[in-house]
1. Please count how many residues of the range 458-488 are assigned to a loop (DSSP other than H, G, I, E, B), free of Cβ contacts under 8 Å to residues at least 40 places away in the same chain and among the aliphatic types (A, V, I, L, M).
2. Find the residue count for the range 181-210, including only residues that are in a loop (DSSP other than H, G, I, E, B), modelled with pLDDT under 70 and surrounded by 12 or more Cβ atoms within 10 Å (Cβ to Cβ).
3. Where residues in the range 72-100 are more than 25 Å from Leu517 (Cα to Cα) and touching a residue at least 60 places away in the same chain (Cβ under 8 Å), which of them is surrounded by the fewest Cβ atoms within 10 Å (Cβ to Cβ)?
4. When you scan the range 401-454, how many residues do you find that are part of a helix (DSSP H, G or I) and open to solvent by 20 Å² or more (accessible area, probe 1.4 Å)?
5. Of the conditions (1) polar (S, T, N, Q); (2) buried (at least 18 other Cβ atoms within 10 Å of the Cβ); (3) more than 32 Å from the chain's Cα centre (by Cα), Gln116 clears all except one; give me its number.
6. Which of the residues belonging to the range 37-59 are touching a helix residue (DSSP H, G or I) at 6+ places or on another chain (Cβ under 7 Å) and modelled with pLDDT of 95 or more?
7. Report, by residue number, each residue of the range 124-174 that is closer than 13 Å to Val280 by Cβ and open to solvent by 40 Å² or more (accessible area, probe 1.4 Å).
8. Of all residues in the range 355-385, how many are open to solvent by 10 Å² or more (accessible area, probe 1.4 Å), assigned to a loop (DSSP other than H, G, I, E, B) and in contact (Cβ under 8 Å) with a residue 12 or more places away in the chain?
Amino acid sequence: MATRRLGVRETLGALNAALGPGSTVWIKETRARHLRSRDFLAPHRALQALFDDGQVPEHLLHVLACLQGPGVAPVLRCAPTPAGLSLQLQRPAVFERVLSAVAAYATPASSALPGQRVLLHCPALRSSPCALRLSQLRTVLVADHLARALRAHGVCVRLVPAVQDPHMLTFLQQLRVDWPAASERASSHTLRSHALEELTSAHDGRTLSPGILGRLCLKELVEEQGRTAGYDPNLNNCLVTEDLLSVLAELQEALWHWPEDSHPGLAGAPDTGTDSCLVVHVVSCEEEFQQQKLDLLWRKLVDKAPLRQKHLICGPVKVTGTPGPLMTAPEYYKFRHAQVCKASALKHGGDLAQDPGWTEIFGVLSVATIKFEMLSTAPQNQLFLALADNISTKGTKSGTFVMYNCARLATLFESYKCSMEQGLYPTFPPVSSLDFSLLHDEGEWLLLFNNILPFPDLLSQTAMLDCTAPGLHITARTEMMCKFLVQLSMDFSSYYNRVHILGEPRPHRFGQMFVRLQLLRAVREVLHTGLAMLGLPPLSHI
C-alpha cells in the first residue's frame, strides 16, 4: 500500500471517518496564509455538532495524528486551535511520494467501467462555418472537451454528426477540434417508410411542400414522459421533413454500428444494445426546443430508440465591445487572431505574422484564447465575451497567459539541458537520491498541494455525467480544467518570478536545484495533460 498514489479525496475520507460515521467536517485549505500553519481544518462550529463544546476526545486526536490508509497522506501533527482542529502533513514525505511518481499524478483518479459508451450529438455541426453562431461554437467546444475527458477515462465515445462540409472540416482543424468526417449521408429509407405509415392521416390529402412529409402529434408522448421529465409543454406537433429523418438515420446508424477499434473491450461485447449507451445532445439554448422534437420523434419512430437521452444545454453568449452586427464563429476567430498578431508585434517588434516560424504559434495562441473564453464559464450559464479586451501574456485570466507559462517552463528545461551539455551542471541524478526536505518555500507547497496532488481528482470530475438523475437535462463540469490551468499558471508564475531555479553552478547548490527541477517537471506534466484535454499543444516559446 505504501506505493499507492496519494489523494486528497482519500485523505479527507479517512479524516472524516476517524471522527465518526457520516461526519463530513474536514476541509482542505487552499489559501497561502492558511497553509503556512495547516493543510486541513475541521472548523470549530462543525465540531460542536459532533462533540460537547467542540472538544475532540484525546484518543481521537491520537488516531488522527497516526492516520494511515490507502492513498492517505502522512500526518505530522493534529492539534486544537481557535479556528478548530488543525492538521498538518509531513510535507517532505508528501513531496517525495508525489515527485517520485510524477506520471501517476497526470492521470485520472479512477477509470470508468469497461465498455461504457457515450454518443455525443452536436447539431450545430450540420451548418456551414459562415452560419455558425457564437452560441453554437460554444456547444462544439464543450462537446470536443467533454469527449476528450471521457476518453481519458476509458469511455468509448462516438461523435455525431460526421461532418460533410469541407469548409467546416477546415475550420474545425483550425480550432483544433477533433471531429470525424463523412463522405455521404446515412440512408433514411427505413425511417421514411415508418414515418409515412404514421403520417398517413396527418395531411388529409393536402399538397405538401417539397421535403415535407407531414405533421406528427407529439403531445401524447410528452404526457407519457411526465411533467418532471423537462420537455416543453408546448410540444404538440412536429413537422416531419426529409432532413429531420436524415438526422435520425445518422444517429441510429451511429448507435448500432460502433467502430471495432473504438474501445478495446467493445468488439463482441454481449451488451451492445441501445440501453447500454448514453446519448447526450449538446445544444445551445436557442436550439433546445427543436432538439426536444428530434428526441421525441426518435422515440416515436424507432422501436429501439435509446432510453437514456440527455440534453446538455449551453447558455447564451453575449458579446460586449462591438457595436456592429452579430459576429459569426469564423469572424470571431479572425478577430482574436489579429489581436494575437498585434500583441506579439508590440512585444517582439516587426511583422511576425509574415514569419512562417510564428504561423503555428499564432494559431495555437488564438485557439487557446478562444477556448479559455468559451470554456471557463459553466456551460449551462450565460457567457459574456468582452471582445474589446486586448490579448496579453500578462493578463492572468487568459489562455495566452497559460500558454506563456507553458513556454517559460520549456525554456527553463532547455536552459538546463544546454548548460548540462556545456558541463556547467551535472546530469540529473536518480529521483530516489534527491533530498525533498530542501523544498520548504511556501510557493513550492502551493504548487504541489493545490495543483499536482488534486489533479487526478479534477480529471475525474471533468468527465462526470450524472446520467442517473431524473429528467431530460444533464450538466457537465467543462469549466473546471480552464480554471485549474489558470490557477496553476498563476502559482507557477508567482514562484518562478521570485525563486531563481538555475543558480550559479556551485556544487553545494545542486541539491536544491534538482529537487526544484523535479517539482517543475511535475508541474509541466500536469500542465501538458490539462492542455491536451483542451486539444492544445504545449509551446516551447512565445
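The values are calculated or read from the model by the stated rules, or taken from the named source; none is laboratory data. Nothing here was measured: the structure is a model prediction, and the numbers come from that model. Glycine gets a Cβ as well: all are built from the backbone with ideal geometry, and neighbour counts include every protein chain shown. Ligands, DNA and RNA are stripped out before the accessible areas are found, and what is left, the full protein with its side chains, is counted by its heavy atoms. Shrake-Rupley method; radii C 1.70, N 1.55, O 1.52, S 1.80 Å.
1. 2
2. 7
3. Val72
4. 20
5. (3)
6. Asp39, Phe40
7. Listed by number, the list holds a single entry, Arg158.
8. Within the range 355-385, residues that are open to solvent by 10 Å² or more (accessible area, probe 1.4 Å), assigned to a loop (DSSP other than H, G, I, E, B) and in contact (Cβ under 8 Å) with a residue 12 or more places away in the chain number 6.
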